1. How do the peptides 363-370, 99-106, 322-329 rank, highest first, by the average count of neighbouring beta carbon atoms within 10 Å per residue?
2. Report, for region 40-148, the % of DSSP beta bridges that are antiparallel, rounded to 5.
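No lab work stands behind these numbers, since they all come straight from the coordinates. Since the model is a prediction, treat every value here as computed from it, not as a measurement. Backbone-built Cβ (ideal geometry, glycine too); neighbour counts: all protein chains shown.
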Amino acid sequence: MELNEGFADLGLSEPLLAAVAGAGYEAPTPIQQKAIPLVLRGVDLLGCAQTGTGKTASYALPIIDILSAGTGKPRMPRCLILAPTRELAQQIADNFVTYGAKHSLRQALLIGGEGFTLQEAALGKDPDILIATPGRLIDMFERGRIMLGGVKVLVIDEADRMLDMGFIPDVERIVQTLPRIRQTLMFSATLGPEIKRLGKEFLINPKEVSVAPPATVAGTVSHAMILVDPEEKRAALRVLLRDEAVQSALIFCNRKKDVDIVSASLQRHGFDARALHGDMVQHRRTETLAAFKEGEVNLLVCSDVAGRGLDIEAVSHVINFDVPYNPEDYVHRIGRTGRAGREGQAITLATHEEAEAVGAIAALVNAAIPLTTPEGEPAELDAAPRERSRSRRGRRRREEPGTAEKRPTRQRKRTRDAEAAESKPKREKRRAGSSAEANEGQRDRRATKQSATDRDDERVTGLGDHVPAFLSDPLPALRPGAER
Ligand code: AMP
């Protein structure tokens with residue numbers, strides 16, 4: 001297929017072309033060029049495209065035209081879009097508002113973490129399009145609020161993420177309630193064997209379109225890694241944030257607990273930082289995201305689930321406070337910068353302990369990412385780091401007694417851990433695996449397990465890094481809010 005067509009050549013209607021022009025899009029992106037004509041033809045589609053490639057418009061635009069050509073029945077939406085995270089679902093809903101500006105289609109957004117009342121009211125207005133996370137959709141279905149028997153088009157967005165998060169059983173349950181005769185579009189950033197298997201389950205004779213090999217990174221992003229000691233990460237982060245031309249940054253941590261710790265630490269040092277992760281109540285997540293989008297705060301410390309798929313233009317930097325465990329998360333994280341042709345910078349703070357994860361990233365992106373010391377000297381990851389880093393720490397403590405307060409004592413660490421645990425709002429009591437938050441929790445537990453396994457390899461003095469559970473009980477005088 002020739003890939004030099006404009007929007008007008010793709011078969012979209014005039015009002016849609018006007019809406020696209022209104023959105024400021026001059027030419028379709030490759031996924032749009034490939035997918036739009038196929039979706040308009042009514043075939044099933046398996047699309048390999050990352051968030052950031054314009055994939056939402058590649059299905060939203062033709063769906064708007066398809067739906068406008070027909071009429072719906074009361075209380076029976078004709079299109080269902082499933083997204084793994086609330087943020088992605090919200091972005092899809094925003095895109096539908098933009099693209100549907102010249103049409104009178106109605107939509108409802110069903111996401112967890114928010115009250116049912118408004119969403120039920122939206123359902124009462126006979127939406128044509130439902131955009132939902134699987135858990136909330138099932139809740140609404142079980143409450144008898146939706147009938148899915150009129151769905152003609154189903155979109156499963158970020159199928160790979162659905163799989164990672166354990167949502168596939170929920171998706172299967174939902175699909176069973178849909179008419180068998182329908183058009184199904186499934187998008188995924190990767191097309192591994194599992195995704196292909198799901199494709200066979202949900203799609204019939206799909207056309208496959210792919211716009212970039214899995215896990216490629218935008219050419220507008222430059223990468224760097226800085227080798228630091230584990231306890232120096234926060235200080236190194238501050239130096240980076242002061243030195244680099246950071247206008248706005250997403251700072252990724254592997255664990256939610258660290259998201260809270262890093263953002264609180266940055267705030268204490270006078271930075272405009274906020275935390276965003278799955279344990280926060282939804283209205284705080286929404287407020288935080290809005291504050292970042294509006295530029296009221298310029299640093300957002302987030303977890304993978306919360307940060308994935310965030311579509312915010314003009315994020316100048318992505319900083320990986322931790323090297324992600326899963327190399328594909330690296331690609332997703334850094335895809336938050338260098339968007340829409342802008343320049344972006346991805347900087348990763350790596351420790352010797354993270355050497356394996358760094359290697360996996362280099363293999364996935366098929367490029368060595370330059371590694372330097374914080375001073376900018378070339379550096380190398382050390383295969384047998386632990387002893388070395390420990391003795392270096394000991395030496396530094398002896399040499400720089402004044403810096404001791406920067407390194408948390410075990411007691412301070414306990415307090416922070418207890419505070420982080422106490423600050424968590426009560427989890428929605430949902431069955432495991434049916435919400436992004438539950439899965440983020442699982443990920444945390446997996447991470448904890450993983451680091452526990454790693455620690456088994458070490459020679460340990462005294463308690464080593466292990467903190468027995470009873471030591472983590474908050475001391476009365478050190479409860480959050482109490483004076484230290
Ligand atoms: P998505 O991959 O759907 O998350 O889209 C990423 C970003 O690209 C969004 O901010 C869209 O508004 C934007 N976008 C989508 N299509 C186009 C286009 N043809 N030209 C310029 N920007 C676009």
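1. Numbers: 363-370: 13.8, 99-106: 16.6, 322-329: 20.5.
The densest-packed peptide leads the list: 322-329, 99-106, 363-370.
2. Numbers: 1 of 9 bridges.
Counting only bridges with both partners in region 40-148, antiparallel ones make up about 10 percent.
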